[in-house]
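Worksheet: the structure to be examined is printed underneath.
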Amino acid sequence: MACLLETPIRMSVLSEVTASSRHYVDRLFDPDPQKVLQGVIDMKNAVIGNNKQKANLIVLGAVPRLLYLLQQETSSTELKTECAVVLGSLAMGTENNVKSLLDCHIIPALLQGLLSPDLKFIEACLRCLRTIFTSPVTPEELLYTDATVIPHLMALLSRSRYTQEYICQIFSHCCKVRMQALKCFSVLAFENPQVSMTLVNVLVDGELLPQIFVKMLQRDKPIEMQLTSAKCLTYMCRAGAIRTDDSCIVLKTLPCLVRMCSKERLLEERVEGAETLAYLIEPDVELQRIASITDHLIAMLADYFKYPSSVSAITDIKRLDHDLKHAHELRQAAFKLYASLGANDEDIRKKIIETENMMDRIVTGLSESSVKVRLAAVRCLHSLSRSVQQLRTSFQDHAVWKPLMKVLQNAPDEILVVASSMLCNLLLEFSPSKEPILESGAVELLCGLTQSENPALRVNGIWALMNMAFQAEQKIKADILRSLSTEQLFRLLSDSDLNVLMKTLGLLRNLLSTRPHIDKIMSTHGKQIMQAVTLILEGEHNIEVKEQTLCILANIADGTTAKELIMTNDDILQKIKYYMGHSHVKLQLAAMFCISNLIWNEEEGSQERQDKLRDMGIVDILHKLSQSPDSNLCDKAKTALQQYLA
């Protein structure tokens with residue numbers, strides 16, 4: 001009989017318990033929203049630390065109603081938030097509780113809640129999601145059913161300390177999630193200082209995120225994990241969130257990326273390793289030096305050019321196909337890394353150039369069918385062309401200018417920008433390539449670039465012409481002026497891009513050097529040049545622009561006949577006088593050069609010029625400047641006054 005009584009007693013107990021819980025659920029259906037809210041708050045207080053109460057409420061159907069209220073547009077934000085808090089509390093019970101919540105499709109409802117603008121509600125949804133996803137009974141795939149979820153979670157990272165904590169706990173729960181999270185971190189941290197500064201301070205179970213990334217760099221971790229962690233740290237470093245001399249970069253990230261470049265790694269891993277390392281060290285000379293002496297990296301990269309292996313050595317057609325597919329990517333990655341390695345240090349550039357057949361490989365790269373390889377080869381060459389020594393030797397031995405000029409004839413803008421920038425270096429006055437480049441029609445090509453809509457191409461075109469005009473013969477200067485046309489020159493002088501304006505002034509200054517050249521150019525273009533100078537001195541330009549313009553005037557003042565264009569222009573003379581009294585020493589000095597060249601005693605007509613300038617009050621200003629606290633300005637003023645006494 002005892003056995004027969006057992007079941008009714010259990011049912012009776014359950015009935016009593018559920019009955020005591022039923023009123024909590026009933027209140028969720030009250031037509032008065034305020035009473036519903038109070039009911040949810042009371043339910044929240046009742047379930048805290050009470051697993052039995054949690055189980056009862058789940059049995060009584062509280063979960064579907066809470067989820068309904070949470071998703072209703074008519075529900076107040078406060079009600080939605082309280083519902084999310086109660087659901088989170090229910091999830092903290094047993095694994096069976098979590099299973100019941102999953103059966104009610106809680107995850108899509110909570111993920112939808114993350115789209116709300118209200119931070120408190122978002123935090124409550126995330127807290128509940130964290131509890132559910134860290135339970136062993138929750139399939140992690142549920143996080144990936146919608147491709148927009150991970151990016152949205154990443155975007156929420158920086159909203160508050162709590163969003164960081166909950167999202168990182170969700171991500172770090174298991175390896176698969178960790179890899180997905182790592183990839184998202186790397187994408188979001190790339191060139192994004194705000195996200196990077198957020199990530200660097202995120203704590204996961206009491207440990208900073210960068211420290212977790214460093215642990216993932218260890219050799220015993222999967223290669224994909226090592227590479228992606230290295231990317232995260234690299235991007236955070238480049239975004240300014242981690243210092244370049246931080247041990248996690250110097251002792252962990254950099255060596256890991258060098259390791260990825262070795263022969264032992266798969267071709268795709270070597271590509272990714274080299275490209276990431278190139279990006280890491282690109283702006284930092286110390287990292288470039290460290291990388292260059294780590295594991296014989298410079299020699300190791302030479303192997304990147306040896307794919308595909310000779311056909312006779314490959315019996316496996318699939319392998320040949322694989323090698324061919326990655327051969328372009330390997331060459332591109334090697335060129336990129338060599339470009340970064342050689343960006344600043346002369347000794348590193350020398351080592352690169354002395355690597356087997358390197359110059360031949362770069363020259364070959366300039367004519368490759370792949371645009372990406374061509375661009376990387378040009379960047380590599382541009383990096384190496386910063387070396388005076390190499391410009392005089394290796395670049396001349398391999399006639400690098402020939403394939404470069406070919407590249408410049410017909411290439412996409414991204415290649416043209418780098419190639420034209422390199423041409424600027426090849427046109428420096430000590431470069432042996434300068435002469436043959438001039439003979440190959442470079443003037444017309446560069447003048448064409450100055451008309452580009454791309455500001456970088458305009459800058460490089462005018463910069464190369466400026467280098468070409470430096471200490472050049474009269475014929476070259478005349479060619480430049482003829483090909484450029486005065487109309488284009490003055491268009492460039494009113495260019496909205498400051499770099500274009502500065503380089504155009506530099507070109508004008510180089511054209512107007514040595515007296516016969518100054519007089520010749522001013523005799524044909526004097527009126528327009530004086531007009532342009534006046535406009536710039538009157539305009540809203542910075543100190544550097546006005547200083548360059550005054551230096552052009554000083555050059556004109558050094559001409560034999562050209563100086564009369566200044567002496568007969570009272571407006572220009574008044575401007576020179578004004579800048580002699582300017583508050584900026586640079587402008588005072590530049591104006592002083594003009595005056596000195598105009599009053600120099602040994603030149604014809606100096607007495608008349610001195611008299612006119614004395615009448616304008618220039619001598620009084622010179623006396624004042626001879627007392628200047630700036631020694632340079634003081635000396636120049638005294639020297640000028642001596643011309644009056646001689």
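I need to check one value: relative contact order of region 519-645, counting alpha carbon pairs closer than 8 Å and at least 6 residues apart, in percent.
Values: 120 pairs, mean separation 25.5, N = 127.
For region 519-645, the relative contact order is 20 percent.
When all protein chains stay in place, what accessible area (Å², nearest 10, 1.4 Å probe) is found for residue 80?
Its accessible surface works out to 40 Å², give or take rounding.
With a 1.4 Å probe and every protein chain kept in, tell me what percent of the accessible surface of the chain is carbon plus sulfur.
On the way: 15800 of 30160 Å².
On the chain, the fraction of accessible area on carbon and sulfur atoms equals 52 percent.
Taking Cα pairs under 8 Å and at least six residues apart, what relative contact order does the chain come out at, in percent?
Details: 809 pairs, mean separation 30.4, N = 646.
Taking the mean separation of contacting Cα pairs over the length of the chain, I get 5 percent.
Determine the order of 392, 159, 349, 482 by accessible area, beginning with the largest, at a probe radius of 1.4 Å.
Values: 392 125, 159 105, 349 15, 482 160 Å².
Correct descending sequence by accessible area is 482, 392, 159, 349.
Leaving ligands and nucleic acids out of the surface, order 29, 305 by accessible area at 1.4 Å, largest first. Mind showing how you got there, number by number?
On the way: 29 120, 305 30 Å².
Ranked from most to least accessible, the order is 29, 305.
Which lysines, if any, have their Cα less than 30 Å from the Cα of residue 477, not counting same-chain residues under 8 positions apart?
402, 406, 434, 503, 520, 527, 546, 563, 575, 586
Using the Cβ atoms and a cut-off under 14 Å, what net charge is assigned to the surroundings of residue 566, where Lys and Arg are +1 and Asp and Glu are -1? Mind showing how you got there, number by number?
Values: positive: 527, 563, 575, 577, 609, 612; negative: 519, 558, 564, 570, 571, 603, 608.
With Lys, Arg at +1 and Asp, Glu at -1, the net is -1.
What does the accessible area per residue of the chain come to in Å², with a 1.4 Å probe and no ligands, DNA or RNA counted? Show your work: numbers first, answer last.
Working: 30160 Å² over 646 residues.
Ligands and nucleic acids excluded, the figure is 47 Å² per residue.
Would you please classify the overall shape of region 421-571 from the alpha carbon gyration tensor, given that a ≥ b ≥ c denote the square roots of the eigenvalues, rounded means a/c under 1.5, and beyond that prolate means a/b larger than b/c while oblate covers the rest?
Working: a/c = 1.94, a/b = 1.31, b/c = 1.48.
Since a/c reaches 1.5 but b/c is at least a/b, the shape of region 421-571 is classed as oblate.
For 571, 303, 245, 220, give me the order by solvent-accessible area with a 1.4 Å probe, most accessible first, ignoring ligands, DNA and RNA. Can you show the working numbers first?
On the way: 571 70, 303 20, 245 95, 220 120 Å².
Largest accessible area first, the residues go 220, 245, 571, 303.
Hey, if you put +1 on the Cβ of every Lys and Arg and -1 on every Asp and Glu Cβ in the chain, which of 49, 125, 31 ends up farthest toward the positive end of that dipole?
Toward the positive end, the furthest listed residue is 49.
For a quick check of understanding: with a 1.4 angstrom probe and all protein chains in place, what accessible area in square angstrom does residue 178 have, to the nearest ten?
70 Å²
Here are several values of semi-axes √(5λ) of the Cα gyration tensor in Å: (1) 72, 36, 20; (2) 52, 26, 21; (3) 105, 25, 19. Which one was derived from the coordinates shown?
Among (1) 72, 36, 20; (2) 52, 26, 21; (3) 105, 25, 19, the one derived from this structure is (1).
With n ≥ 4 as the cut-off for DSSP H runs, can you work out [θ] at 222 nm for the chain, using -39500 (n - 2.57) per run divided by the number of residues, rounded to the nearest 500? Walk me through the intermediate numbers first.
Numbers: 40 runs with 456 residues, N = 646.
The helix-only estimate for the chain comes to -21500 deg cm²/dmol at 222 nm.
Counting only C-alpha contacts under 8 Å and six or more residues apart, can you give the relative contact order of region 49-196 as a whole percent?
On the way: 143 pairs, mean separation 26.7, N = 148.
With pairs under 8 Å counted, the relative contact order is 18 percent.
I'd like the distance separating the alpha-carbon centroids of region 205-222 and region 396-431, in whole Å.
With region 205-222 and region 396-431 each reduced to a Cα centre, they are spaced 44 Å.
Sum up the charges of everything whose Cβ sits under 14 Å from the Cβ of residue 286, counting Lys and Arg as +1 and Asp and Glu as -1, but leave residue 286 out. Spell out each step's value before the answer.
Working: positive: 243, 289; negative: 245, 246, 282, 284, 345, 347.
Net of charged neighbours comes to -4.
What is the sum of charges around residue 91, taking Lys and Arg as +1, Asp and Glu as -1, for the other residues whose C-beta is under 12 Å from the C-beta of residue 91? Show your work: numbers first, answer last.
Working: positive: 54, 99, 127, 130; negative: 95.
Around residue 91, the surrounding residues sum to +3.
The values are calculated or read from the model by the stated rules, or taken from the named source; none is laboratory data. Keep in mind that this is a model prediction, so the values were computed, not measured. Here Cβ is always computed from backbone atoms with ideal geometry, including for glycine, and neighbour counts include all displayed protein chains. To get the accessible areas, we keep the full protein, side chains included, count just its heavy atoms, and leave off ligands, DNA and RNA. Shrake-Rupley method; radii C 1.70, N 1.55, O 1.52, S 1.80 Å.
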